[in-house]
Amino acid sequence: MENFTLTKTADNLTVVQQIYNLPELEFKKLYNQSAAVDGLGFFYFIYMCVSSLGLLLPVILFFSRSSSNTHEPLSITFTVFVGIVGILYFLYTLSLSNLLNEQRSFSAARSLRTISFLYAILMALSTIVYCFAAINMPILLVAATIPLIFFILFFTTFRAVKNPLLFNDGAPSHKQIKYIRQCRKNGILDPSALPKTREPKKLDAFFRTYAYVGTILFFILSVLGFFGAVTKGIIDEINNASDPQEYVQKADQAMEKKNFGDAFKLYEKAAKQNLPEGIFNLGICYAEGIGCDEDFAKAYECFNHPDVKEAPLAKFYIGIMHYSGQGAPQDFQKAAELLKSAADSGVEAAQKFLGYQNGKMPDYDVPLAKLLKENFKQNEKN
């Protein structure tokens, strides 16, 4: 087999005969390479089917958010843009799947050599990233097996492409190679029972070119994204090396000077380092729209943090959100419990909201939760 070179071979039967006459070890190697290419094509076809479901995402989001009262509807421009990107991506996966599953021509070999090499690099990088991330989240070791399997398949494909008996204009399909294996066991090759090869199609050239160009662009974007993420991680580590308490102190100073934008960013940095004071103040910023747009959902997330939610003022904010239904599910029972707890702890805003007198809640004739519900409905009418 070492005597062959990667050249065009027009006669399928000639190639089949050459493969049939190979020594046992060389045939096993060729068969395994063919099986790897065929397996990669199969796995990629499954991946293509799953990823193509993403084409429905823009439409689903457009209609679901358009009919939702809690989210702003997506713009038609954004929906069309995402839809076009989805279609282009679908064509790319379809082209690559076609190249892996259907084409073993001389021209396909030249495209697959580059594609399989680039993807092997990407899969190796992905596996390494997953393994490093698994230090903090062991479950990612399981996820790392997926790019590892694809790395093995793509690397094997890269080596298989160099085999002129597998990739030429008369190359046999994997079905034919399986038939040859059976014939070798029986001791005779019967060309009349040989499975038919796939006839070349007009779209083959388009699929090859689209897959080739698409892979190069995808590789460039992926590498840029990878190094961008690594760079961002290094910068974040440098930023996080600072004392989070200093961020809070500087944020408080910025608040006094009414530099609300700077204060918000500093509280955010402190919150990223899990400083409870930073998380709490960031929640206030989101709730009051200080240095940012009001975002009750993010405010609720901050106040409901395990290290923050027991603070009396945090209970007040969470209670108000459950009362109004902004940022949290409307729940008058939870609102009553939290607001009363905050008021009993001396939060003046909670005491005022519940009508406390001399630090005590009046004896209402109805349960507090029911009173809050009635009050909410009355305010809605007004």
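What follows draws every value from the coordinates through simple rules; no lab data is involved. Please read all numbers here as calculations on a predicted model, not as lab measurements. Counting neighbours? That spans all protein chains shown, and the Cβs are built from the backbone with ideal geometry, glycine included.
Using θ = phi - 60° and the Karplus relation 6.51 cos²θ - 1.76 cosθ + 1.60, list the HN-Hα couplings for the range 326-334 in order, rounded to whole Hz, with x at every Gly or Pro.
After applying 6.51 cos²θ - 1.76 cosθ + 1.60, I find 9, x, 8, x, 5, 8, 5, 5, 5 Hz.
Using alpha-carbon positions, what is the distance between the centroids of the range 77-147 and the range 350-364, in Å?
62 Å
Rounded to whole Å and sorted largest first, list the principal axis extents of the Cα atoms in the range 77-200.
Principal-axis extents of the range 77-200 (Cα, largest first): 57, 41, 21 Å.
What is the list of residues in the range 296-328 whose amide nitrogen lies under 19 Å from a point 7 angstrom out from the Cα of residue 364, following Cα to Cβ?
Only 315-326 pass the distance filter.
Defining a contact as two alpha carbons under 8 Å apart and six or more residues distant in sequence, what relative contact order in percent does the range 244-381 show?
Answer for the range 244-381 is 14 percent.
Rank-order 105-115, 342-352 by packing density, defined as the average count of other C-beta atoms within 10 Å over each peptide's residues, highest first.
Sorting 105-115, 342-352 by mean packing, highest first, produces 105-115, 342-352.
Going by average Cβ density within 10 Å per residue, which order do the peptides 167-178, 140-151 take, highest to lowest? Write out the running numbers ahead of the final one.
Working: 167-178: 20.2, 140-151: 15.8.
Most protected by this proxy first, the peptides run 167-178, 140-151.
With the contact rule set at Cα under 8 Å and sequence spacing of 6 or more, what percent relative contact order holds for the range 288-346?
The value is 30 percent.
Could you pull the Cα extents of the range 244-381 along its three principal axes, largest to smallest, in whole Å?
For the range 244-381, the Cα spread along each principal axis is 49, 30, 28 Å.
Find the relative contact order for the chain and round it to a whole percent, using C-alpha pairs within less than 8 Å whose residues are 6+ positions apart.
Across the chain, relative contact order equals 13 percent.
Using only the alpha-carbon atoms, how far is helix 204-240 inclined from the longest principal axis of the chain? Give it as 0 to 90 degrees, nearest 10.
It works out to around 40 degrees.
Report, to the nearest 10°, how far helix 76-101 tilts away from the longest principal axis of the Cα atoms in the chain, using its own Cα long axis and a range of 0 to 90°.
30 degrees
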